[in-house]
Every structure is written in C-alpha cells, then in structure tokens.
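Quick notes on the structure that follows.
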C-alpha cells in the first residue's frame with residue numbers, strides 16, 4: 001500500500017471516527033472503500049446526472065403505465081385471483097373440505113362483490 005496524507009475538516013474526522021467505531025473498521029479502511037466506490041462510479045456524479053439516470057431507468061421498467069393511478073384496481077384483481085385459487089383448493093383438497101363451516105357458495109359471493 002502507498003501512504004498518502006490528506007486534509008479533511010474536523011467534522012469529517014469526527015464523523016469518520018464515529019462511523020469506523022460503528023462499523024468495526026479503521027478510518028483508513030473506510031477511506032479506501034470510499035475511494036474504490038468513487039473510482040467504480042467513474043468519478044463524482046452531479047445530482048443532475050444522477051437524476052437523468054434515474055429517469056432513464058424508470059422508462060425501462062415493465063408493467064402497466066397507470067399503476068400509480070389504478071393500484072387499487074390491480075390489487076383487487078390480484079386478490080380476487082388469489083381467492084379464486086384458494087376456493088379451487090378448498091373445493092378439491094380433502095384436508096380443506098373437512099371444514100364444513102366455510103361454504104363455497106358464500107365464499108364465491110364475496111369474490112364476486114370485490
């Protein structure tokens with residue numbers, strides 16, 4: 001390793017010492033980790049560049065375009081499908097059909113009213 005000397009603010013030094021104690025690492029190790037992360041990222045990235053990257057990534061996500069607006073409808077649809085799968089299991093699984101307290105017809109009405 002190469003020894004170098006740097007100057008940091010008093011607050012940075014205090015914060016690094018606290019973080020080093022919390023993480024169980026030396027201050028030097030935290031600085032090496034930070035340098036590695038900076039080099040891996042290709043340098044300091046401006047907030048504007050990070051925002052642009054986030055918008056570009058968001059456009060590549062799959063799924064319905066109106067998910068934020070219609071999330072209740074999508075959730076109701078998913079829960080209905082899950083309830084129908086449970087009903088099918090209830091009607092065919094011998095361990096479940098032993099419980100006569102739950103009536104399949106009443107269960108279906110609950111699904112239909114969602």
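Only the coordinates and a few stated rules stand behind these numbers; no lab work does. Because the structure is predicted, anything quoted here is derived from the model rather than measured. Here the Cβ positions follow ideal geometry from the backbone for every residue, glycine too, while neighbour counts run over all protein chains shown.
A few notes on this one:
- Theoretical gain in end-to-end length, residue 18 to residue 70 [0.36 nm per residue, Cα-Cα removed]: 14.2 nm
- 12 Å reach of a label modelled at residue 8, 7 Å along Cα-to-Cβ, counting backbone N of the range 21-37: 21, 26-35
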